[in-house]
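Heads up: the structure comes next, in structure tokens.
The values are calculated or read from the model by the stated rules, or taken from the named source; none is laboratory data. Note that this is a predicted model, so its numbers are computed, not measured. Positions of Cβ are backbone-derived with ideal geometry, glycine not excepted, and every protein chain shown enters the neighbour counts.
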Amino acid sequence: MIALDDTKTRIIFATMKAVRQHGLEGVRIQNVSDLAGISPGALYRYFDSKDHLIEACFTYVDKQAAAIFDHLTLKPASMLTDPMGR
């Protein structure tokens, strides 16, 4: 769970929601700032541009996926006979 005072994380989460709503090309800084509950000017204090913001989202998702995969124990031989791990 994110802390409500963690504005940068709120902005990243709002950006991911805006991408789901509007598509990657349709995201606007105004959409993100509205979803994050901040002004567009405040958003620019944390991210220099929309591209920088989108890059931060991809980095966040990549780190989350890496953390999940780091905790998986894969046994390739058993995956051949039981691919779903039942």
Return a yes/no flag: does the stretch 2-21 have any residue that is free of Cβ contacts under 8 Å to residues at least 24 places away in the same chain and in contact with a Phe, Trp or Tyr (Cβ under 8 Å, 6 or more places away or on another chain).
-> yes
Can you tell me which residues in the stretch 38-47 are in a loop (DSSP other than H, G, I, E, B) and either surrounded by 14 or more Cβ atoms within 10 Å (Cβ to Cβ) or at pLDDT below 95 (or both)?
-> Ile38, Phe47
Where residues in the stretch 27-37 are not in a helix (DSSP H, G or I) and not basic (Lys, Arg), which of them is surrounded by the most Cβ atoms within 10 Å (Cβ to Cβ)?
-> Val27
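Taking the stated definitions as given, is Ile68 among the β-branched types (Val, Ile, Thr), surrounded by 10 or more Cβ atoms within 10 Å (Cβ to Cβ) and modelled with pLDDT under 90?
Numbers: among the β-branched types (Val, Ile, Thr): yes; surrounded by 10 or more Cβ atoms within 10 Å (Cβ to Cβ): no; modelled with pLDDT under 90: yes.
Judged against the criteria, Ile68 is not a match.
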